[in-house]
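Trainee: First, the structure itself, so that you have it in front of you.
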Amino acid sequence: MIGLIDCDNFFVSCEQALRPNLKKSPVLVLSNNDGCVISRSNEAKALGIPMGIPAFKIKDKICQEGIFVFSSHYNLYKETSEQIMRILRNNSPCVEIYSIDEAFLDLSGMSYLKEYGLHLVQLINKEMDIPVSVGIAPTKTLAKVGSYFAKKYKKYQHVCVIDSHEKRIRALQLTPITEVWGIGKHLSMKLKAQGVSTAYDFVRLPRRFIRQLTTITGERVWLELNGESCYEFCVHNVEKRQISSSHSFEHMVTDLETLSKFIAEHARICAQKLRAQRSCVKLMRIYVCTNKFRLDLPQCHTEETVSFPIATSDTLDIVEQAIACLKRLYRDRYHYKKIGVILLQVIPESYMQSDLFDTKDWNKSKRLMLAMDEINEKYSNKALVPAVEYLSKKE
């Protein structure tokens, strides 16, 4: 059996965890530069606000209905996600992280699946104050169907187990084809033209017809809905060849001190990602830009790329170079809206080569970073950070 943990309205739930008084209120989270709606509370959904709608189109409704609106805070969401995944790893034999708010669990051989799912729901809610739903079924696609019902119907108490033929058929009969994992908008339109409106209609089609009508992905979805597993567990993360972290300001920033604080924070985040996948970086790009929609203000988008003499994953090295780049890019007459750090030329740490004339003690650096990561993992992702994030000063 396979379990799927899915955080409910994740970005909104993170904001509500910081503001418990908004738990029953309509809440929206907007994309970068406050462009479109990317997360909605159940109360906001009940008001008919669709996902992805540009914020300016519902400005009047936001005021009329008293809807709370927040800019996206991706660092908050990332840190919350990491803590939830850590809880799952400590309480599950095998975890595959699927996205920032979803993870598959290998529950093979486990008994009392409903009770186990309820335990995870209560544990995450208690420790993180984030509501989650759990779907449990023989395949990943059916587990996604289970999580759909766990969210939709309160009687399931956030846990839906599909562990029999009868439950599977009933679930498929009640699942719209548009809610099936792997069935995109284009394919769902083709299926509806063939009279397919539910997942049950889909699985009743002959496999040969499915193969002709769809791609191999569609055939695998058909097999998974029929109880035949096609997607194996993948618990090893693929190493990234580029790593980035950026921030869009809710209010434009003009001073170097504030920019330095944020560029240091995102450089630190990139360095942590490097070490997590046992990599180091040879090339880094820093960029700052103004709000392109504010044509009444001076505009600029500047960037600088810097190379490291020796590939590194040391937070102090990366933050130091990022701050130096920022100081060269900064101009005091601009109102900045976004900053970012991109690590280019990411290589395995085993490929790192020292320099005959380099005087840095790399063993000491490695031990320091290991200690920092261990402390941050044990207590909090911000237990130890470079002082510049809080004490940055203009020169």
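Trainee: Which number in (1) buried (at least 17 other Cβ atoms within 10 Å of the Cβ); (2) assigned to a helix (DSSP H, G or I) marks the one condition that Glu127 misses?
Mentor: Glu127 satisfies all of (1) buried (at least 17 other Cβ atoms within 10 Å of the Cβ); (2) assigned to a helix (DSSP H, G or I) except (1).
Trainee: While we're here: Could you figure out which of (1) surrounded by fewer than 18 Cβ atoms within 10 Å (Cβ to Cβ); (2) modelled with pLDDT under 90 isn't true of Asp60?
Mentor: So the condition that Asp60 fails would be (2).
Trainee: Could you look through region 307-343, keep only residues that are crowded, with 19+ Cβ neighbours inside 10 Å and charged (D, E, K, R), and pick out the one that is farthest from Ala371 (Cα to Cα)?
Mentor: Lys337
Trainee: How many residues are assigned to a loop (DSSP other than H, G, I, E, B) and in contact with a helix residue (DSSP H, G or I) (Cβ under 7 Å, 6 or more places away or on another chain) if we restrict to region 199-216?
Mentor: Within region 199-216, residues that are assigned to a loop (DSSP other than H, G, I, E, B) and in contact with a helix residue (DSSP H, G or I) (Cβ under 7 Å, 6 or more places away or on another chain) number 1.
Trainee: Tell me which residues, restricted to region 187-198, are of a type outside the set (Gly, Ala, Ser) and either under 17 Å from Arg220 (Cβ atoms) or in a loop (DSSP other than H, G, I, E, B) (or both).
Mentor: Going through region 187-198, the residues of a type outside the set (Gly, Ala, Ser) turn out to be 187, 189-192, 194, 196, 198.
Answer for region 187-198, where residues must be of a type outside the set (Gly, Ala, Ser) and either under 17 Å from Arg220 (Cβ atoms) or in a loop (DSSP other than H, G, I, E, B) (or both): Leu187, Lys190, Leu191, Gln194, Val196.
Trainee: So which residues in region 3-46 are among the hydrophobic types (A, V, I, L, M, F, W, C), more than 20 Å from the chain's Cα centre (by Cα) and either under 19 Å from Tyr153 (Cα atoms) or assigned to a strand (DSSP E or B) (or both)?
Mentor: Ala44, Ala46
Trainee: Now, a different point. Counting only residues that are over 29 Å from Glu265 (Cβ atoms) and not charged (D, E, K, R), how many does region 56-108 have?
Mentor: Matching residues across region 56-108 total 15.
Trainee: Now for a different question. So for region 193-202 (the condition being open to solvent by 40 Å² or more (accessible area, probe 1.4 Å), closer than 26 Å to Asp106 by Cα and modelled with pLDDT of 90 or more), does at least one residue qualify?
Mentor: Within region 193-202 (the criterion being open to solvent by 40 Å² or more (accessible area, probe 1.4 Å), closer than 26 Å to Asp106 by Cα and modelled with pLDDT of 90 or more), the answer is yes, since at least one residue qualifies.
Trainee: Does Glu166 satisfy the condition of being out of contact with any Leu (no Cβ under 9 Å at 6 or more places or on another chain), free of Cβ contacts under 8 Å to residues at least 60 places away in the same chain and open to solvent by 90 Å² or more (accessible area, probe 1.4 Å)? Quick ask: steps written out before the conclusion?
Mentor: Working: out of contact with any Leu (no Cβ under 9 Å at 6 or more places or on another chain): yes; free of Cβ contacts under 8 Å to residues at least 60 places away in the same chain: yes; open to solvent by 90 Å² or more (accessible area, probe 1.4 Å): yes.
Yes: the conditions hold for Glu166.
Trainee: Only one residue in Leu223, Leu316 is under 30 Å from Gly3 (Cβ atoms), at pLDDT 90 or above, over 23 Å from the mean Cα position of the chain (by Cα) and among the aliphatic types (A, V, I, L, M). Which one? Working first, answer last.
Mentor: Values: Leu316 fails: under 30 Å from Gly3 (Cβ atoms).
Matching residue, one of Leu223, Leu316: Leu223.
Trainee: Under the condition of being more than 16 Å from Gln83 (Cβ to Cβ) and not in a helix (DSSP H, G or I), which residue from region 130-142 is farthest from the chain's Cα centre (by Cα)? Let's see the steps before the verdict.
Mentor: Step one: list which residues in region 130-142 are more than 16 Å from Gln83 (Cβ to Cβ), which gives 133-142.
Okay, now just the ones that are also not in a helix (DSSP H, G or I), so 133-139.
Details: Ser133: 17, Val134: 18, Gly135: 19, Ile136: 22, Ala137: 24, Pro138: 26, Thr139: 23 Å.
Per the stated criteria, the residue is Pro138.
Trainee: Here's something else I'd like to know. Surrounded by 21 or more Cβ atoms within 10 Å (Cβ to Cβ) and in a helix (DSSP H, G or I): does that describe Thr178?
Mentor: no
Trainee: For region 230-264, name all the residues that are of a type in the set (D, E, K, R) and at pLDDT 90 or above.
Mentor: Asp255, Glu257, Lys261
Trainee: Condition first: closer than 30 Å to Leu316 by Cβ and open to solvent by 60 Å² or more (accessible area, probe 1.4 Å). Can you find one or more residues in region 215-236 that meet it? Give the steps one after another, and end with the answer.
Mentor: Going residue by residue through region 215-236, those that are closer than 30 Å to Leu316 by Cβ are 236.
After this cut, where a residue has to be open to solvent by 60 Å² or more (accessible area, probe 1.4 Å) as well, the list is 236.
Scanning region 215-236, I find at least one residue that is closer than 30 Å to Leu316 by Cβ and open to solvent by 60 Å² or more (accessible area, probe 1.4 Å), so the answer is yes.
Trainee: For region 368-376, check the following and say yes or no: at least one residue is open to solvent by 20 Å² or more (accessible area, probe 1.4 Å), touching a Leu at 6+ places or on another chain (Cβ under 7 Å), closer than 30 Å to Thr80 by Cα and at pLDDT 90 or above.
Mentor: Within region 368-376, not a single residue is open to solvent by 20 Å² or more (accessible area, probe 1.4 Å), touching a Leu at 6+ places or on another chain (Cβ under 7 Å), closer than 30 Å to Thr80 by Cα and at pLDDT 90 or above.
Trainee: Oh, and also: Go through region 63-102 and give me each residue that's among the acidic types (Asp, Glu), open to solvent by 30 Å² or more (accessible area, probe 1.4 Å) and in contact (Cβ under 8 Å) with a residue 40 or more places away in the chain.
Mentor: Quick first cut of region 63-102, residues among the acidic types (Asp, Glu) only: 65, 79, 82, 96, 101-102.
Among the residues that remain, those that are also open to solvent by 30 Å² or more (accessible area, probe 1.4 Å) are: 65, 79, 82, 101.
Once the filter is applied, which keeps residues that are among the acidic types (Asp, Glu), open to solvent by 30 Å² or more (accessible area, probe 1.4 Å) and in contact (Cβ under 8 Å) with a residue 40 or more places away in the chain, region 63-102 yields Glu79, Glu82, Asp101.
Trainee: Can you pull out the residues in region 261-306 that are part of a strand (DSSP E or B), open to solvent by less than 10 Å² (accessible area, probe 1.4 Å) and closer than 15 Å to Arg241 by Cα?
Mentor: Going residue by residue through region 261-306, those that are part of a strand (DSSP E or B) are 279-290, 301-306.
This time we only want the ones that are open to solvent by less than 10 Å² (accessible area, probe 1.4 Å), so: 279-281, 284, 286, 288.
If the condition is that a residue be part of a strand (DSSP E or B), open to solvent by less than 10 Å² (accessible area, probe 1.4 Å) and closer than 15 Å to Arg241 by Cα, then Ser279, Cys280, Val281, Met284 are the ones that fit.
Trainee: Hey, another quick one. Go through the residues of region 382-393 one by one and say whether even a single one is at pLDDT 90 or above, in contact with a helix residue (DSSP H, G or I) (Cβ under 9 Å, 6 or more places away or on another chain) and not in a helix (DSSP H, G or I).
Mentor: The answer is no, given that none of the residues of region 382-393 is at pLDDT 90 or above, in contact with a helix residue (DSSP H, G or I) (Cβ under 9 Å, 6 or more places away or on another chain) and not in a helix (DSSP H, G or I).
Trainee: Here's a follow-up. Would region 348-361 turn up any residue that is basic (Lys, Arg), touching a strand residue (DSSP E or B) at 6+ places or on another chain (Cβ under 8 Å) and either modelled with pLDDT of 70 or more or open to solvent by 90 Å² or more (accessible area, probe 1.4 Å) (or both)?
Mentor: Yes, because at least one residue in region 348-361 is basic (Lys, Arg), touching a strand residue (DSSP E or B) at 6+ places or on another chain (Cβ under 8 Å) and either modelled with pLDDT of 70 or more or open to solvent by 90 Å² or more (accessible area, probe 1.4 Å) (or both).
The values are calculated or read from the model by the stated rules, or taken from the named source; none is laboratory data. Quick caveat, the model's predicted, so the values are computed rather than measured. Methodologically, a virtual Cβ is constructed for each residue, glycine included, from the backbone with ideal geometry; neighbour enumeration extends over all protein chains shown. The accessibility values were calculated without ligands, DNA or RNA, using every heavy atom of the protein model including side chains. Shrake-Rupley method; radii C 1.70, N 1.55, O 1.52, S 1.80 Å.
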